[in-house]
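In what follows, a single structure is set out as C-alpha cells and then discussed.
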Amino acid sequence: MKNFNDYIYEFVDVKEDGFFVKAERMTYQELLKHQTKIMLKDRYINPSSREELQNQPKFADYLGPMYNGISDGKTVIRYETRKAYDQCSK
C-alpha cells in the first residue's frame, strides 16, 4: 500500500500575465483539505509508467500525474494545467 505522506503534490498553472508559471506545493493531508482542486474518483494506473506514479490521484483540469524528482526526501508528483504544459513545452 502506498504511503501518500511520502509525496509532495505540485500544481502548476500560468499566471494571469501569461508569461510566468506559478507552482503550488502541498502534502497529501493539505491536499485533502484543499477544496479548490477536484480530485477525481479514478486513480492513475499505467503499468509502463514509473512506480511512483501508480495509483496517484487525478484532478479535474490538470494533466498528470508526472514525476518531478525528489525534494526534502519526498517524491514530487506534478500536475499541470494545459496552459502551463504548453508554456513549459515551448
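With the calculation restricted to Cα positions, what are the radius of gyration and Dmax of the chain in angstrom?
Using the Cα atoms of the chain, the pair Rg, Dmax is 13.0, 42 Å.
Got a sec? How would 16, 52, 24, 80 order by Cβ neighbour count within 10 Å, fewest to most?
Numbers: 16 8, 52 17, 24 14, 80 23.
Fewest-to-most Cβ neighbours within 10 Å comes out as 16, 24, 52, 80.
Kindly put 21, 14 in sequence by how many other C-beta atoms sit within 10 Å of each C-beta, fewest to most.
Lowest to highest Cβ neighbour count: 21, 14.
Run through the range 11-69 and list the chymotrypsin sites (Phe, Trp or Tyr not before Pro) located in a DSSP loop whose Cβ has at most 11 other Cβ atoms within 10 Å.
Here the chymotrypsin sites (Phe, Trp or Tyr not before Pro) that fit, given the DSSP loop and packing criteria, are 19, 20.
Using r as the Cβ-Cβ distance of residue 2 and residue 83, and R0 as 25 Å, what FRET efficiency do you calculate, to the nearest 0.05?
Once the sixth-power term is evaluated, E becomes 0.30.
Can you tell me the length gained on complete extension of the stretch residue 48 to residue 61, counting 0.36 nm per residue apart and subtracting the Cα distance?
Stretched out fully, the residue 48 to residue 61 stretch lengthens by 2.3 nm.
Rule-based calculations on the coordinates, nothing more; no lab input. What you see is a predicted model; the values in this text were computed from it and never measured. Here Cβ is always computed from backbone atoms with ideal geometry, including for glycine, and neighbour counts include all displayed protein chains.
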